[in-house]
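The values are calculated or read from the model by the stated rules, or taken from the named source; none is laboratory data. Model, not experiment: these values are computed from the prediction. Heads up, the Cβs are rebuilt from the backbone with ideal geometry, glycines too, and the neighbour counts pull from every protein chain shown.
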Amino acid sequence: MPNFKLEEHKLKTNMDKWLFFIKHLEDFQSIPQIFMDSVFENAFQKAELAGFNQTQMDAYEESLKHYRDLKNVIDTAFDDGKLEGIEEGKLKGIEEGKTETARKAKEMGLSIHDIVILTGLTEEEINKMK
């Protein structure tokens, strides 16, 4: 790397950026603006992990395990809630459909007995309709 002499503001290609990254990695206190994209951010994260001692790595892995466990719990709860919401929505839609059918049948003059058979609603539910 001693032959690579470009300064940060003169970097043009990705190859220039990578060579600059490799040459100056130990000197960076923070991620320079020119490296603000996902590929280089991942490289900085990997470089930071590579510098951990065993105690730090164990703590990091434990933290990562807790994060993944919590994320899985939240994702599962979200998926369960979504399925429950879909099911509740279907049931509500079915009930609204029955009510609308009963209302129209009542307007058409069908008997309460026939509307009960047609919709599955009770006589009381049908009589409450306007």
Mind checking whether some residue in the stretch 99-107 is assigned to a helix (DSSP H, G or I), surrounded by 10 or more Cβ atoms within 10 Å (Cβ to Cβ) and under 23 Å from the mean Cα position of the chain (by Cα)? no
Could we say that Q45 is polar (S, T, N, Q) and under 27 Å from the mean Cα position of the chain (by Cα) here? yes
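Of a type in the set (A, V, I, L, M, F, W, C) and either in contact with a Cys (Cβ under 6 Å, 6 or more places away or on another chain) or at pLDDT below 80 (or both): does that describe F35? Outline the logic, then answer.
Working: of a type in the set (A, V, I, L, M, F, W, C): yes; either in contact with a Cys (Cβ under 6 Å, 6 or more places away or on another chain) or at pLDDT below 80 (or both): yes.
So F35 passes the test.
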